[in-house]
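Take a look at the structure below.
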Amino acid sequence: MTRDPHHRHSPGRIAAAALAVGALAAGLTGCAGGGGGSSTLDTKADTTITWWTGQADQAETILEGLAKQYEQLHPNVTIDVSSGAPSTEDLLAKLSAGFAGGTYPDVSYAFGSWASQLEQSGRTLDITDQVSDPAVDWKGFTAAARATAQPDGTKTIGFPAVVDNLSLIYNKTLFDAAGLSYPTNDWTWDDFRSAAKKLTDQAKGQYGYGYSVSGSEETTWQFWPHLWQDGGEALSSDGKQAAFDSAAGTKALTFLQQMAVDDKSVYLDQTDTKFGQLFAGDKIGMITSGPWQLYDLKTAGTKYGVTYLPGTDGDHQTVSGPDVWALFDHKDANRAHWSYEFIKWLTDPKQDLAWNVKYGNLPLRESEVDSPEFQAQVKALPGLEVMAANSANAKHARPTVPGYNGLSEAVGDQISRVLQGQGEPEPALKAAAQKADQALSGNGP
């Protein structure tokens with residue numbers, strides 16, 4: 001099912017899942033609104049809403065318990081709760097089939113990369129007016145999380161469900177052995193490169209840094225902070241064309257090329273999984289990863305620390321891939337009302353502490369960081385507090401446009417080639433942009 005305890009799906013698997021259902025994109029668009037029920041709101045009427053959590057095991061148990069709590073608070077509301085599909089990756093296909101057959105839920109977990117496709121289905125609610133209420137504390141969510149829930153910049157299709165970001169994780173054992181000072185939140189990329197060279201000892205099979213060259217979304221999303229910190233953008237302002245093939249993009253990829261090809265200080269991972277394992281086994285000095293990594297490191301007994309990503313001119317931007325609770329329209333005022341009210345309640349700090357924080361995810365809002373519940377998780381998973389603070393550096397949202405998966409594949413493929421010495425940054429990014437533009441126009445593979 002979705003997340004094993006304290007684990008997050010890799011970005012590569014998320015992108016692959018969306019690509020696998022690409023043939024169903026037509027089912028997500030051009031669908032007329034379905035359902036049909038009460039056109040006027042009666043908050044006392046008995047109402048049933050369907051909730052697909054996309055979760056399993058401990059996570060599903062927690063959410064089912066919260067659904068029961070809500071039903072006790074509102075006896076006229078019944079929440080038909082289930083995982084929704086055999087795995088989170090299968091939810092998009094299940095939603096597409098539901099749109100066609102009129103059997104889609106009122107609320108579903110959704111990967112952020114699906115947000116634009118869901119919005120274009122014509123089936124989502126628009127809750128923009130409701131979340132403008134100061135009592136909702138919409139601005140308490142990170143900028144990246146808000147943007148993901150508003151994929152076209154105007155309509156709000158749901159609430160943030162899970163937030164994350166990439167931080168720098170360093171291996172204290174290797175830093176101590178090399179006599180190096182630990183990284184700090186003020187590090188530059190030059191500091192990072194210098195340390196990576198000093199930590200590399202190929203005779204021992206030891207590297208300063210690990211980077212994915214699988215060509216998956218793991219490869220691509222690790223690149224975005226470099227691009228953004230250098231002043232570049234992934235997309236044009238209208239979201240219709242690639243913009244990463246810029247001077248900023250070339251500078252960002254050249255830096256990684258120099259580390260991988262010239263310094264030979266980067267372990268190039270074809271699998272997306274080995275670099276984490278090698279880091280845990282004291283064979284890689286630094287990785288850029290997220291909250292899902294900490295449970296493995298604790299289990300392995302690895303001595304590690306966490307800081308922000310190194311920065312460019314004081315800019316320490318990171319990348320975040322928030323997921324959402326998408327709300328769907330059944331042309332029933334009562335179902336729409338209670339779907340919104342339930343998810344608003346679920347994402348309030350008290351319930352978020354009982355869900356995301358208890359499960360080992362980052363809290364949705366900064367206001368939860370000082371809570372006893374989060375501090376207990378920090379004690380169990382040191383570094384989680386740094387990752388929570390790093391959410392403030394998630395100023396860009398990872399793109400959610402329908403063609404993003406094709407764009408990601410094009411960028412990831414060219415980055416992988418360059419880091420393995422098979423190309424140069426500028427022409428590689430130009431080639432990637434051509435394929436990305438085809439994907440963005442709907443004419444990609």
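Restricting the count to DSSP beta bridges whose residues both fall in the chain, what percent are antiparallel, rounded to a multiple of 5? Write out the running numbers ahead of the final one.
On the way: 20 of 35 bridges.
Around 55 percent of the beta bridges assigned by DSSP in the chain are antiparallel ones.
Treating only the Cβ of Lys, Arg, Asp and Glu as charged (+1, +1, -1, -1), what charge dipole size does segment 106-171 show about its Cα centre? Round to the nearest 20 debye. Mind showing how you got there, number by number?
Working: 4 positive and 8 negative charges, 32 e Å.
With only Lys, Arg, Asp and Glu charged at Cβ, the dipole is about 160 debye.
First check a/c for segment 131-189, with a ≥ b ≥ c the square roots of the eigenvalues of its C-alpha gyration tensor; if it is under 1.5, answer rounded, and if not, answer prolate when a/b is larger than b/c or oblate otherwise. Mind showing how you got there, number by number?
On the way: a/c = 3.89, a/b = 3.50, b/c = 1.11.
Judged from the Cα gyration tensor, segment 131-189 comes out prolate (a/c at least 1.5, a/b above b/c).
Straight-line reach from K172: which aspartates and glutamates fall under 13 Å, measuring Cα to Cα and dropping same-chain residues less than 8 apart?
Partners found: D282.
When the Karplus curve 6.51 cos²θ - 1.76 cosθ + 1.60 is applied with θ = phi - 60°, which whole-Hz ³J(HN,Hα) does each residue of segment 383-388 get, with x for Gly and Pro?
After applying 6.51 cos²θ - 1.76 cosθ + 1.60, I find x, 4, 5, 5, 5, 5 Hz.
If one computes the Cα centroid of segment 78-98 and of segment 316-343, what distance in Å separates the two points?
One Cα centre to the other: 15 Å.
Provide V369, V319 in ascending order of the number of other Cβ atoms located within 10 Å of each residue's Cβ, fewest first. Write out the running numbers ahead of the final one.
On the way: V369 17, V319 28.
Lowest count first: V369, V319.
Can you tell me the alpha carbon radius of gyration of segment 354-404 divided by the globular rule-of-thumb value 2.2 N^0.38 Å?
Details: Rg = 13.1 Å, N = 51, 2.2 N^0.38 = 9.8 Å.
With N residues counted in segment 354-404, Rg over 2.2 N^0.38 Å equals 1.34.
Could you tell me the largest-minus-smallest coordinate of the C-alpha atoms of segment 122-232 on each of the three principal axes, in descending order and whole angstroms?
59, 31, 26
Name the residues whose placed amide hydrogens come within less than 5 Å of the amide hydrogen of L125, ignoring near sequence neighbours (fewer than 5 apart) on the same chain.
Correct list: L327, F328, D329.
Tell me, what is the percent relative contact order of the chain, built from C-alpha pairs under 8 Å that lie six or more residues apart? Mind dumping the intermediate values first?
Details: 918 pairs, mean separation 112.2, N = 445.
Computed over the chain, the figure is 25 percent.
How large is the helix-only mean residue ellipticity at 222 nm for the chain, computed as the sum of -39500 (n - 2.57) over DSSP H runs with n ≥ 4, divided by its residue count, in deg cm²/dmol to the nearest 500? Write down the numbers at each step before the final one.
On the way: 20 runs with 179 residues, N = 445.
When only DSSP H runs of four or more count, the value is -11500 deg cm²/dmol.
Can you sort E233, E119 from fewest to most other Cβ atoms within 10 Å of each residue's own Cβ?
Details: E233 17, E119 24.
If I rank by nearby Cβ atoms, fewest first, I get E233, E119.
How many percent of Cα pairs in segment 340-424 exceed 21 Å? Spell out each step's value before the answer.
Numbers: 1904 of 3570 pairs.
Roughly 53 percent, once rounded to a whole number.
Label segment 85-179 by shape, choosing from rounded, prolate and oblate, from the square roots a ≥ b ≥ c of the eigenvalues of the Cα gyration tensor; if a/c is under 1.5 it is rounded, and otherwise prolate applies when a/b is larger than b/c, oblate when it is not. Display every interim value, and only then the final one.
On the way: a/c = 3.39, a/b = 1.65, b/c = 2.06.
Taking the square roots of the gyration eigenvalues as a ≥ b ≥ c, segment 85-179 is oblate.
Pull out a ≥ b ≥ c, the square roots of the eigenvalues of the alpha-carbon gyration tensor of segment 304-445, then state rounded if a/c is under 1.5, prolate if not and a/b is larger than b/c, and oblate in the remaining case.
Numbers: a/c = 3.20, a/b = 1.34, b/c = 2.39.
Oblate shape, in that a/c is at least 1.5 and b/c is the bigger or equal ratio.
Compute the distance from the alpha-carbon center of segment 245-302 to that of segment 359-379, in whole Å.
Here the answer is 26 Å between Cα centres.
Please report the projected area of segment 77-133's Cα convex hull averaged over all directions, in nm². Present the calculation step by step, with values, prior to reporting the outcome.
Details: hull surface 20.2 nm².
Convex hull of Cα atoms, orientation-averaged projection: 5.0 nm².
Modelled label-to-label distance, A45 and S87, 7 Å Cα→beta-carbon offset: nm?
4.0
Tell me the angle of helix 404-419 to the major Cα principal axis of the chain, expressed in degrees between 0 and 90 and rounded to the nearest ten.
Roughly 10 degrees, rounded to the nearest 10.
List S121, S116, S237 from most exposed to least, where exposure is judged by having the fewest other Cβ atoms within 10 Å. Present the calculation step by step, with values, prior to reporting the outcome.
Working: S121 24, S116 21, S237 8.
Lowest to highest Cβ neighbour count: S237, S116, S121.
Please determine, in degrees from 0 to 90 and to the nearest 10, the orientation of helix 333-346 with respect to the longest principal axis defined by the Cα atoms of the chain, where the helix direction is its Cα long axis.
Relative to the chain, helix 333-346 is tipped by roughly 40 degrees.
From the cross-link list K44/K350; K251/K395; K251/K274; K44/K155, which pairs have alpha carbons spaced over 23 Å apart? Could you put the intermediate results ahead of the total?
Values: K44/K350 25 Å; K251/K395 20 Å; K251/K274 27 Å; K44/K155 28 Å.
Over 23 Å apart, Cα to Cα: K44/K350; K251/K274; K44/K155.
Can you check what the Kirkwood hydrodynamic radius comes to for the chain, Cα pairs only, in Å to one decimal?
Kirkwood hydrodynamic radius for the chain: 22.4 Å.
Using θ = phi - 60° and the Karplus form 6.51 cos²θ - 1.76 cosθ + 1.60, what ³J(HN,Hα) does each residue of segment 209-222 get, whole Hz, x for Gly and Pro?
Those phi angles translate into 8, x, 9, 6, 10, 7, x, 8, 4, 4, 5, 6, 6, 5 Hz.
Every number in this text was worked out from the coordinates using simple rules, so none of it is lab data. As the structure is a prediction and not an experimental result, all values here were calculated from the model. We place every Cβ from the backbone using ideal geometry, glycine too, and count neighbours over all the protein chains shown.
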